[in-house]
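Asks: The structure under discussion is supplied below as structure tokens; questions concerning it will follow.
Values in this text are rule-based calculations from the coordinates and carry no lab data. Keep in mind that what you see is a predicted model, and the values were worked out from it rather than measured. Cβ sites come from the backbone with ideal geometry, for glycine too, and all protein chains shown count toward neighbours.
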Amino acid sequence: MRLWALLLGIGITIGAQAEPVINAEKLRTYGTNSSNLIYVFTSAGCSHCAAYHDMILPTLKSRFADTGMAQIKIVDMGYDVRSVAAAKLGRCMTDSQYETFMTKAYQNQEEWAYQGGNQDKLKEYATEAGLNKKSQERCLKNKHLEETILEQRNNLGQMYRITGTPTTVVVQGIRQKAFVGTDPMIIPEVEKLLNK
């Protein structure tokens with residue numbers, strides 16, 4: 001029964017834990033500092049995350065980050081080499097480049113994310129987004145950046161007990177609530193929490 005609740009995107013309250021020491025400033029962030037945080041756990045190679053990127057994230061950003069109700073932080077949860085490469089490229093981009101790149105990567109997952117896919121397609125999308133080839137290579141070879149992404153994935157994933165992507169976690173002080181999946185009802189549920 002609990003598994004079905006997770007798959008349907010029903011909110012699950014999770015316990016508070018101390019924030020691990022991580023390099024959080026490298027997380028893609030939308031909105032200004034706020035006492036309300038929304039963590040979005042996603043992976044570029046996840047097909048459900050592609051739907052989330054199109055259907056849920058734009059509304060979260062416009063309703064909550066753009067209005068100052070919450071700050072949104074994107075946590076890259078890639079568990080395969082190609083998804084981690086996409087995360088690394090994304091971290092080397094401006095916000096507008098990142099949006100263009102991620103939209104292209106999500107829309108064309110079959111070209112790069114699955115068996116037989118290759119990293120060259122990601123480089124092509126990065127070029128289209130405006131990241132030059134020299135910056136791409138420097139970014140992809142950056143071991144410190146990769147370690148930071150993996151550390152954030154592991155620490156935040158463990159802290160918030162992430163079992164799949166996409167997962168939205170709303171944090172208000174010691175109160176936390178997680179929503180798994182792409183159910184559009186996530187948006188009114190988040191709004192209810194933020195208006196408490």
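Asks: If you average the alpha carbon positions of region 70-127 and of region 143-196, how far apart do those two centres end up, in angstrom?
Replies: Cα centroid to Cα centroid, the span is 19 Å.
Asks: Let me ask something additional. Taking the structure as given and computing mean projected area of the Cα convex hull in nm², which label from [x] 27.0; [y] 10.6; [z] 13.3 fits?
Replies: Only one option fits the structure, namely [y].
Asks: Relative contact order for the chain using alpha-carbon pairs under 8 Å, separation at least 6, rounded to a whole percent?
Replies: Relative contact order of the chain: 35 percent.
Asks: Here's something else I'd like to know. Return the percentage of antiparallel bridges among DSSP beta bridges fully within the chain, rounded to the nearest 5 %.
Replies: 75 percent
Asks: Right, something else. Beyond 19 Å between alpha-carbons counts as too far, so tell me which of LYS61/LYS133; LYS104/LYS177; LYS88/LYS133; LYS73/LYS121; LYS61/LYS143 fall in that bin.
Replies: LYS61/LYS133; LYS104/LYS177; LYS73/LYS121; LYS61/LYS143
Asks: If you add up the charges near SER47, with Lys and Arg at +1 and Asp and Glu at -1, over every other residue whose beta carbon is less than 12 angstrom from its beta carbon, what do you get?
Replies: Cβ neighbours under 12 Å give a net charge of -2.
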